[in-house]
1. What is the gain in length, in nm to one decimal, between residue 116 and residue 173 on full extension, counting 0.36 nm per residue of separation less the C-alpha to C-alpha distance?
2. Which of 87, 168, 153 moves most in a GNM of the chain, Cα contacts under 10 Å?
3. I need the peptides 2-10, 62-70 ranked by packing, meaning the mean over residues of other C-beta atoms within 10 angstrom, with the highest value on top.
4. Just subtract the alpha-carbon distance of residue 38 and residue 142 from 0.36 nm times their residue separation and send over the number in nm, one decimal.
5. What is the packing order of peptides 15-26, 42-53, taking the mean over residues of other C-beta atoms within 10 Å and listing the highest first?
6. Which FRET efficiency value, to the nearest 0.05, is calculated for residue 5 and residue 31 with the Förster distance at 25 angstrom and r the Cβ-Cβ distance?
7. Highest mean first, what order results for 89-98, 157-166 on Cβ atoms within 10 Å?
8. Send over the Kirkwood Rh of the range 85-137, from the inverse of the averaged 1/r over different Cα pairs, rounded to one decimal Å.
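What follows is calculated from the coordinates using simple rules that are stated; it is not laboratory data. Remember, it's a predicted structure, so these values are computed and weren't measured experimentally. Cβ sites come from the backbone with ideal geometry, for glycine too, and all protein chains shown count toward neighbours.
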């Protein structure tokens, strides 16, 4: 299998028009296309929908379905709201801080910047309750390579203990913080 890229990711929305307006106004994304059918193409089930596709940059597409005949949207009550999110990469800390100011100017609450040691990010919610993250890479040195090297051992240890392995503790070391 030779996967070239993610074609699109799709989420549900309350209102397609409101969702398109949010992603155009707040996230500076263009509407790529809209598809609407009375029957689901894959199952042929009678279920009208509006499917909108937003340009997330560099060939990435974020899509949404409005499903008027389905029960109201909900979220997985067993999963904390910080877990499921859509993360977008920005080019610099300056861009991240400008984005934070823009999002806050729309009356949207923003968390961060949060320091993840290899990137910094901010978090907020779209009108559908989807958590969004804007991130900028700040990796200094060879932290990403070191994390890549220890990833298999971390997963193995986690699978046995269900406790955070300490293979990446270097991220929190004083000398790393100063870089």
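1. 19.2 nm
2. Of 87, 168, 153, the most mobile in the Gaussian network model is 153.
3. Packing order, densest peptide first, comes out as 62-70, 2-10.
4. Working it through step by step, the gained length comes to 32.2 nm.
5. 15-26, 42-53
6. 0.80
7. The most tightly packed comes first, giving 89-98, 157-166.
8. For the range 85-137, inverting the mean 1/r across all distinct Cα pairs yields 10.9 Å.
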